[in-house]
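Worksheet: the structure to be examined is printed underneath.
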Amino acid sequence: MKCRNQWLALPLTGGLAAALLTGCGSESGGAGETGDAVVVGMSDDVLATDPASGYDPGSWLLFNNVFQSLLSFPKGATEPEPEAAKSCGFTDMEAKVFKCELRDGLKFSNGNALTSKDVKFSFDRMRKIKDDAGPAIMFPMLDSVRTPNAKTVVFRLKYPDATFPSKIASGAGSIVDHREYDMNKLREDGQAVGSGPYKLDSFDKEQADFSVNSSYKGTAKVKNEGVSLKFFNGDQKGLKKALLDNEIDLAYRGLAAADIADIEQDTSEAGKDVDIVEGTSAEVQHLVFNMKDPVAGKLGVRKAIAYLLDRDALVQEVYNDTATPLYSIVPAGIGGHNTAFFDTYGARPQRAKAASALRSAGVDGKVKLTLWSTPSRYGPATDQELNAIAKQLNASGLFDADVKSVEFEQYEKDIEAGKYGVYVKGWVPDYPDPDNFTQPFFGKGNVLGNHFENNEITGKIIPGTATESDRTKTDKQYSELQDIVADQLPILPVWQAKQYAVVRDNVYGLESCLDASTVFRFWEISKG
């Protein structure tokens, strides 16, 4: 192995309401600058090419490269900066009116001009279609979108939301051509028309091909002549083999932890030509407790599990240290992060405290418990992970735990029906702000479905942080929220992922693609 590169994303500071955001990057066209087309392998699927529908990592990878948003996240940053816009910002102190001015000369890949009409159409369409698998759920605060002229867009919010700029900088803010998309229904032809650095030439279940968009105007500086994205449909071994056989230039999202470890230790000729690039990630995984379950609903049972969970052993045994132990709701690298669960329950199993917690809950004998898993959504290692947790619990002599695994569609139905007491949930953030690790979990209509309610969180902390445009000033409130969650235990953080890409040694730029924003920037990759 020749090298092991690491990219650390550090949060930036600054108040959005104090002034309009103005572009920091130089305006760039779409011409590639170096090298040939790059072939990327991925085991994730791309579930949608229409940004009114896709709400999964694979689809957002496509959106972030084919479409523009008004704002975007520069490499290594957690604060958005102008992209299709030349300036954006709140125009009132309440953070309820957000105004953007578009760049000059914006065009879609088909040559049509991009104006404020397209921006309004994109948001109105996404909210009108309101697809169950789409990002409309991110915009309950949006009241209206106005277009005073062809270059000005004004968003009026129903209530303050200082994270609105981050939300529109994500894949959810993708701008589509109003002449190419139907206001009332999703596009189903597998095509996409955007104004981003790349255009989608072809798309099927096996591969997507992207060429450089010569009409692009924005901050990205393209360093290749195009990208081919090959889908391995969950076949991790096939992805590894394709990389070592030089059939692809890099593997992103999908290699098993054991495969990464094998590649790192491979001294063969094939292994010597491959490098591992490590970056930060804000992807997290939690155990979720159904607060109405007769067993998991008891605080003493949940505390006993928290006292017995050995995260260090887990990430070493199951993930070969490709993840790190997580002791908070807000992951490391995101503002507001603390270590509430470490402070409360420690890092090593404490059987005596677990037994005391069970006694205080009136629990006699071993606790019979089922941990529910769904590897089809969270990866094949999920079953192995939950089996390892069950083994840790049973080793204490206090639990009789087993694991059951079901397909994701049934899994979600059963959670909604309240059939599970303990189950796993993974989370890849929409945008790198503590709001995205708290409001979706504990706000109204949350994604956990575990019947947890706390008036301090929903009535005070979440609304209070939403009004603060200087996100550094919310750290205390988010710390309080995490302390409450650690005390009441509706969920138990388990691990925070690291991001990896495994590349041929003539491929460069991956350090700029793996950060907490979760934006995989095709344009940063070059091939020598």
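The values are calculated or read from the model by the stated rules, or taken from the named source; none is laboratory data. Keep in mind that this is a model prediction, so the values were computed, not measured. Heads up, the Cβs are rebuilt from the backbone with ideal geometry, glycines too, and the neighbour counts pull from every protein chain shown. Quick note on the areas: whole protein, heavy atoms, side chains included, nothing else; ligands and nucleic acids left out. Shrake-Rupley method; radii C 1.70, N 1.55, O 1.52, S 1.80 Å.
Among the candidates 374, 339, single out the residue that is surrounded by fewer than 18 Cβ atoms within 10 Å (Cβ to Cβ) and on the phi < 0 side of the Ramachandran plot.
The conditions single out 339.
Pairs under 7 Å by beta carbon, first residue basic (Lys, Arg) in the range 239-255, partner open to solvent by 10 Å² or more (accessible area, probe 1.4 Å), six or more apart or different chains?
So the pair list comes out as 240/255; 253/43; 253/44; 253/57.
Look at the range 94-129 and say how many of its residues are closer than 20 Å to residue 214 by Cβ, open to solvent by 20 Å² or more (accessible area, probe 1.4 Å) and in contact with a strand residue (DSSP E or B) (Cβ under 9 Å, 6 or more places away or on another chain).
8
Which residue, of 404, 498, is on the phi < 0 side of the Ramachandran plot, part of a strand (DSSP E or B), modelled with pLDDT of 95 or more and surrounded by fewer than 22 Cβ atoms within 10 Å (Cβ to Cβ)?
404
Taking the range 462-482, which residues are more than 25 Å from residue 98 (Cβ to Cβ) and open to solvent by 60 Å² or more (accessible area, probe 1.4 Å)?
If the condition is that a residue be more than 25 Å from residue 98 (Cβ to Cβ) and open to solvent by 60 Å² or more (accessible area, probe 1.4 Å), then 476, 480 are the ones that fit.
Which of (1) of a type outside the set (D, E, K, R); (2) closer than 29 Å to residue 476 by Cα; (3) part of a helix (DSSP H, G or I) is the odd one out, the single condition residue 352 does not satisfy?
With (1) of a type outside the set (D, E, K, R); (2) closer than 29 Å to residue 476 by Cα; (3) part of a helix (DSSP H, G or I) applied to residue 352, the lone miss is (2).
Scan (1) over 16 Å from the mean Cα position of the chain (by Cα); (2) at pLDDT 90 or above; (3) not small (Gly, Ala, Ser) for the single condition residue 64 breaks and write down its number.
Condition not satisfied by residue 64: (1).
Restricting the search to the range 438-461, which residues are open to solvent by less than 40 Å² (accessible area, probe 1.4 Å), more than 20 Å from the chain's Cα centre (by Cα) and in contact (Cβ under 8 Å) with a residue 24 or more places away in the chain?
Hits for the range 438-461 are 450, 452, 454, 457.
Going through the range 232-248 one residue at a time, which ones are modelled with pLDDT of 90 or more and open to solvent by 10 Å² or more (accessible area, probe 1.4 Å)?
Across the range 232-248, the qualifying residues are 232, 238, 240, 241, 244, 245, 246, 247.
Filter the range 130-184 down to the residues that are open to solvent by 60 Å² or more (accessible area, probe 1.4 Å) and touching a strand residue (DSSP E or B) at 6+ places or on another chain (Cβ under 6 Å) and list them by number.
Answer for the range 130-184, where residues must be open to solvent by 60 Å² or more (accessible area, probe 1.4 Å) and touching a strand residue (DSSP E or B) at 6+ places or on another chain (Cβ under 6 Å): 143, 146, 151, 156, 158.
Condition check: more than 18 Å from residue 289 (Cβ to Cβ) and either among the polar types (S, T, N, Q) or part of a loop (DSSP other than H, G, I, E, B) (or both). Does residue 516 satisfy that?
Answer is yes for this residue.
Just one of 303, 240, 292 is among the basic types (Lys, Arg) and either over 30 Å from residue 357 (Cβ atoms) or part of a strand (DSSP E or B) (or both); which is it?
240
Inspect all residues belonging to the range 207-217 and state whether any of them is hydrophobic (A, V, I, L, M, F, W, C), within 15 Å of residue 49 (Cβ to Cβ) and not in a strand (DSSP E or B). Talk me through it step by step, then tell me what you get.
Of the residues in the range 207-217, the ones hydrophobic (A, V, I, L, M, F, W, C) are 208, 210, 212.
With within 15 Å of residue 49 (Cβ to Cβ) added as a condition, the list becomes 208, 210.
After this cut, where a residue has to be not in a strand (DSSP E or B) as well, the list is none.
No: zero hits.
A quick yes/no check of all residues on (1) farther than 26 Å from residue 420 by Cβ; (2) open to solvent by 50 Å² or more (accessible area, probe 1.4 Å):
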| position | (1), (2) |
| --- | --- |
| 284 | no, no |
| 288 | no, no |
| 292 | no, yes |
| 301 | no, no |
| 304 | no, no |
| 310 | no, no |
| 316 | yes, yes |
| 323 | no, no |
| 343 | yes, yes |
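Given 293, 273, 321, which one is modelled with pLDDT under 95, over 27 Å from residue 527 (Cβ atoms) and not hydroxyl-bearing (Ser, Thr, Tyr)?
The conditions single out 321.
Looking only at the range 185-206, filter to residues that are under 21 Å from residue 43 (Cα atoms) and of a type in the set (Gly, Ala, Ser); which one of those is surrounded by the fewest Cβ atoms within 10 Å (Cβ to Cβ)?
Of everything passing the filter in the range 185-206, 202 is surrounded by the fewest Cβ atoms within 10 Å (Cβ to Cβ).
Restricting the range 412-451 to residues that are aromatic (Phe, Trp, Tyr) and touching a strand residue (DSSP E or B) at 6+ places or on another chain (Cβ under 8 Å), which is modelled with the lowest pLDDT?
Only one residue tops the list, namely 427.
Kindly indicate the residue of the range 483-495 that is outside any strand (DSSP E or B) and of a type in the set (A, V, I, L, M) and also most open to solvent (accessible area, probe 1.4 Å) among those meeting that condition.
Looking at residues that are outside any strand (DSSP E or B) and of a type in the set (A, V, I, L, M), I get 484.
Filter the range 138-187 down to the residues that are touching a Leu at 6+ places or on another chain (Cβ under 7 Å) and either in a loop (DSSP other than H, G, I, E, B) or without any contact (Cβ under 8 Å) to a residue 24 or more places away in the chain (or both) and list them by number.
141, 142, 143, 151, 162, 169, 175
Could you tell me which of the residues 354, 361 is surrounded by fewer than 19 Cβ atoms within 10 Å (Cβ to Cβ) and among the small types (Gly, Ala, Ser)?
361 is the lone residue from the list that is surrounded by fewer than 19 Cβ atoms within 10 Å (Cβ to Cβ) and among the small types (Gly, Ala, Ser).
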